[in-house]
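Read through the structure below, which is laid out as structure tokens, and then see the notes.
Nothing in this text is a laboratory measurement; each read-out follows from the coordinates by a stated rule. A quick note: this is a predicted structure, and the numbers were derived from the prediction, not measured. Using ideal geometry, Cβ is built from the backbone for each residue, glycine included, and neighbour counts are taken over all protein chains shown.
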């Protein structure tokens, strides 16, 4: 099935880059740019940032949204201050190829360089598997599903305001990171910030990264094709199957409500 991308949600045609905004204000020293393109690397270098591209490629698995190192042609780039970028490349190599305590220490240090809350890094490293599927399972199984901080909504693809997996969906430290990013956006584009907050507050049912159903108060039910034009999302077999079966949805989805005192359903 070939999708013809339509318009994205109002005022959100271009996702706002919260990571680079925090880098530019000096509130973080490093950004990890996954799925980095050559054009993006050239643009960031032209802007004066130190950029290092990790040599080893990867791709998204066909059966799930996890990354398979050594397969595909996608690349990771680290962007920021020279010392942080140089160290991150070394740590990334350890993460990908070492095991045990050395690997976990490298991942913890990368998280610190990227400005991730320490409580969230600890929870992430405590997982048996650091893949996205395992991280989503941890966040979605049990715990509160309503009255969650909107800025912890990391399920809206490129529009999320945190770039890490929080320890819990109600983590106040993660929410503060997202709140700061939203504050910076509001200063530069109040309309975009308002539209983004409406999206982040919309109830959402999640199966995985590609299979989401947003209950938007203006645009109605929205799937990933209303959030992004990225081919790696729209061409993924999981999304294609999900989209093709609509309005039928698979069992097992978890519905979350943000900034709401109770689940209205």
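Here is the size of the chain from its Cα atoms: Rg then Dmax, 18.1, 50 Å. Using only the Cα atoms of region 67-122, build the gyration tensor, take square roots of its eigenvalues as a ≥ b ≥ c, and label the shape rounded, prolate or oblate: rounded if a/c is under 1.5, else prolate if a/b is larger than b/c, else oblate. Oblate shape, in that a/c is at least 1.5 and b/c is the bigger or equal ratio.
Taking only the C-alpha atoms of region 1-60, Rg followed by Dmax gives 14.8, 44 Å. The helix-only estimate of mean residue ellipticity at 222 nm for the chain, built from DSSP H runs of length n ≥ 4 each weighted as -39500 (n - 2.57), is -12000 deg cm²/dmol after division by the residue total. Against the main long axis of the alpha-carbon atoms of the chain, helix 82-97 sits at an angle near 70°. Stretching residue 98 away from residue 45 to a fully extended chain increases their span by 16.1 nm, per 0.36 nm per residue minus the current alpha-carbon distance. Ranked by the mean number of other Cβ atoms within 10 Å of their residues, highest first, the peptides 47-54, 253-260 come out as 253-260, 47-54.
For the chain, a Gaussian network of Cα nodes joined below 10 Å ranks 130, 248, 160 by mean-square fluctuation, and the top entry is 248. In terms of its alpha-carbon gyration tensor, region 29-114 comes out oblate; a/c meets the 1.5 threshold, while b/c is at least as large as a/b.
Given R0 = 35 Å, the distance between the Cβ atoms of residue 57 and residue 112 translates into a calculated FRET efficiency of 0.85. Name the residue, out of 57, 99, 168, whose mean-square fluctuation peaks in a Gaussian network model built on the chain with Cα pairs under 10 Å. Among 57, 99, 168, the largest GNM mean-square fluctuation belongs to 99.
For the chain, modelled as a GNM whose springs connect Cα atoms under 10 angstrom apart, the maximal fluctuation among 149, 237, 250 occurs at 250.
Between the helical axis of 172-188 and the longest alpha-carbon principal axis of the chain there is an angle of about 90 degrees. Computed extension gain for residue 225 through residue 34, at 0.36 nm per residue and net of the alpha carbon distance, reaches 66.8 nm.
Taken as Cα centroids, region 107-125 and region 148-184 sit 15 Å apart, rounded to the nearest whole angstrom.
Computed from Cα atoms, the angle from the helix 190-201 axis to the main principal axis of the chain rounds to 70 degrees.
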